[in-house]
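Novice: One structure follows; several queries about it will come next.
The values are calculated or read from the model by the stated rules, or taken from the named source; none is laboratory data. Computed from a predicted model, the values in this text were never measured in an experiment. Note: ideal-geometry Cβ built from the backbone for every residue, glycine included; neighbour counts use all protein chains shown. Each accessible area value is taken on the protein alone, full model and side chains, heavy atoms only, with ligands, DNA and RNA left out. Shrake-Rupley method; radii C 1.70, N 1.55, O 1.52, S 1.80 Å.
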Amino acid sequence: MKKQLLILMMSCIAGTMSAQDGWQSLFNGKNLKGWKIIGGEAEYKVVDGAIVGTSRMNTPNTFLTTKKQYGDFILEMEFKVDDGLNSGIQFRSNLKEEYQDGRVHGYQYEIDPSSRAWSGGIYDEARLGWLYPLTTNAEAQKAFKHNDWNKARIEAFGNNIRTWINGVPAADILDAQDATGFIALQVHSIIGKEELAGKQVAWRNIRILTTNLESAKSPQSSIAQHNCIPNTISEREAAEGWKLLWDGKTTNGWMSHRAPKFPEKGWHIENGLLVVEKADGAESGNGGDIITTEKYKNFVLTVEFRITRGANSGVKYFVNPDINNEPGGSAIGCEFQILDDNVHPDAKLGVNGNRKLGSLYDLIPAPADKPFRPGFFNKATVVVKGNQVEHWLNDVKIIEYTRNNQMWDAFVDYSKYKDWVNFGNFETGHILLQDHGDEVYFKNIKIKELK
């Protein structure tokens, strides 16, 4: 009896301290007052002071949402999940009838017990997909504890959102899509996965701070920050040396590979996107390729692209148009291939898949398990440090090679470029976006020059 009284007194003291320092509890530990279920038909109930969600077959994603909406805040809670069951914590999320017939959409703190280990990453539910996967954050990947309670922390201040898992910095993004929304606990759909029926995810000690946020704000961490605001350079990016190669509004900095002006047809700008238009699928047969007005030597280049069904395009580098004076065709250069591998016939040509998406076109194939996301924007990254070159797709390195050596010459001799003198060995060159007569969208084209 004395022990129970002591626990009750400690609980009351903790509650009083929490109220005094501004923290508010979002869950009373007894029932689901202040919450409502939307979306699917998974079950939520309170067990031993925790909210427990249980997966159910043949139902879409289910969300237990707060009835209130929140803007800037610090949110903390503990979660535990059965292996095999994907889940998440929605925040600044919304449900609007005009958006996908009332589908829940917005930011999600990922709960991921799989070997991928992306718990704490930020996913944009039912909209843009991954904003911050943990592909380059090994410390956060290691922080997740299987079959045990984990602590989540989310800080949302204006356009900056940061997350932690068990005290380890996980994600850091800039994004301007939603300033307010509800908080929700997700039980993911398991359609077609009977072995996951009855799996559970639980949350407890859910609290939020909405006042005096600056004094409780965590210090800046050393993890990378992802700027998800289209066609902008953040203060941190500028300090690191990043520049926009395309401003999102004009054709400044770009020209035809055939003439010192931008093509009069075949390309247009639409809502912050640079669009190569659908034509007949011919290589540079419509408006033609476009290249940067400047040449680049050592750099990190990032380009976000979205392909339409059956589309073909590419990002080329070390491009020197003066070596290809033929009236038709594309300018010559090393190419990060952009292709619909499942539909376009070029995917079956070449050697060992070296004409598929992400490949160094016609030279080195990308791996079959590359992290391409159909239907979404994907990020292509090319890193050049002298003769060392890397291809990355969605923050995963998929190819690395060395040029200007015997092995490189052997690759070239066995490719369609064998007759081009010094192919791929130029010290500098233009960056090129390819017109292959298919509709493709580009945005967030950025470069950081290296010494």
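Novice: Take the stretch 427-451 and flag every residue that is assigned to a loop (DSSP other than H, G, I, E, B) and surrounded by fewer than 19 Cβ atoms within 10 Å (Cβ to Cβ). Explain how you work it out, then say what you get.
Specialist: Step one: of the stretch 427-451, the residues assigned to a loop (DSSP other than H, G, I, E, B) are 427-428, 434-439, 450-451.
Those that are assigned to a loop (DSSP other than H, G, I, E, B) and surrounded by fewer than 19 Cβ atoms within 10 Å (Cβ to Cβ): E427, T428, E439, L450, K451.
Novice: I'm checking my understanding of the structure. Among residues of the stretch 380-394 that are hydrophobic (A, V, I, L, M, F, W, C) and buried (at least 21 other Cβ atoms within 10 Å of the Cβ), which one is farthest from T302 (Cα to Cα)? Can you show your working first?
Specialist: Going residue by residue through the stretch 380-394, those that are hydrophobic (A, V, I, L, M, F, W, C) are 380, 382-384, 389, 392-393.
Keeping just the survivors that are buried (at least 21 other Cβ atoms within 10 Å of the Cβ) gives 380, 382, 384, 389, 392-393.
Numbers: A380: 6, V382: 7, V384: 12, V389: 14, W392: 9, L393: 10 Å.
Ranking the candidates gives V389 first.
Novice: Right, next: Is it the case, given these coordinates, that S284 is in a loop (DSSP other than H, G, I, E, B), in contact with a His (Cβ under 9 Å, 6 or more places away or on another chain) and open to solvent by less than 40 Å² (accessible area, probe 1.4 Å)?
Specialist: Details: in a loop (DSSP other than H, G, I, E, B): yes; in contact with a His (Cβ under 9 Å, 6 or more places away or on another chain): yes; open to solvent by less than 40 Å² (accessible area, probe 1.4 Å): yes.
So S284 fits the description; yes.
Novice: Going by the structure shown, is K278 open to solvent by 20 Å² or more (accessible area, probe 1.4 Å), within 26 Å of G386 (Cβ to Cβ) and in contact with a Ser or Thr (Cβ under 9 Å, 6 or more places away or on another chain)?
Specialist: Criteria not met by K278.
Novice: From the list K356, K249, K265, pick out the single residue that is among the basic types (K, R), open to solvent by 10 Å² or more (accessible area, probe 1.4 Å), more than 22 Å from the chain's Cα centre (by Cα) and more than 24 Å from T232 (Cβ to Cβ).
Specialist: Every option except K265 fails the conditions.
Novice: Within 19 Å of the chain's Cα centre (by Cα), open to solvent by 40 Å² or more (accessible area, probe 1.4 Å) and more than 18 Å from N425 (Cβ to Cβ), is that true of F377?
Specialist: no
Novice: Keeping to the stretch 184-235, report how many residues are touching a residue at least 12 places away in the same chain (Cβ under 8 Å), outside any loop (DSSP other than H, G, I, E, B) and loosely packed, with under 13 Cβ neighbours inside 10 Å.
Specialist: Of the residues in that region, 2 qualify.
Novice: Next question. So how many residues does the stretch 19-68 have that are open to solvent by 20 Å² or more (accessible area, probe 1.4 Å) and assigned to a loop (DSSP other than H, G, I, E, B)?
Specialist: Of the residues in that region, 19 qualify.
Novice: Within the bounds of the stretch 284-298, is there any residue that is more than 24 Å from D247 (Cβ to Cβ) and charged (D, E, K, R)?
Specialist: no
Novice: Further question: Give the stretch 399-426 a look and list any residue that's open to solvent by less than 20 Å² (accessible area, probe 1.4 Å) and outside any loop (DSSP other than H, G, I, E, B), or say none. Lay out the reasoning, then the answer.
Specialist: Of the residues in the stretch 399-426, the ones open to solvent by less than 20 Å² (accessible area, probe 1.4 Å) are 399, 401, 403, 408, 412, 415, 417, 423-424.
Across the stretch 399-426, the qualifying residues are I399, Y401, W408, V412.
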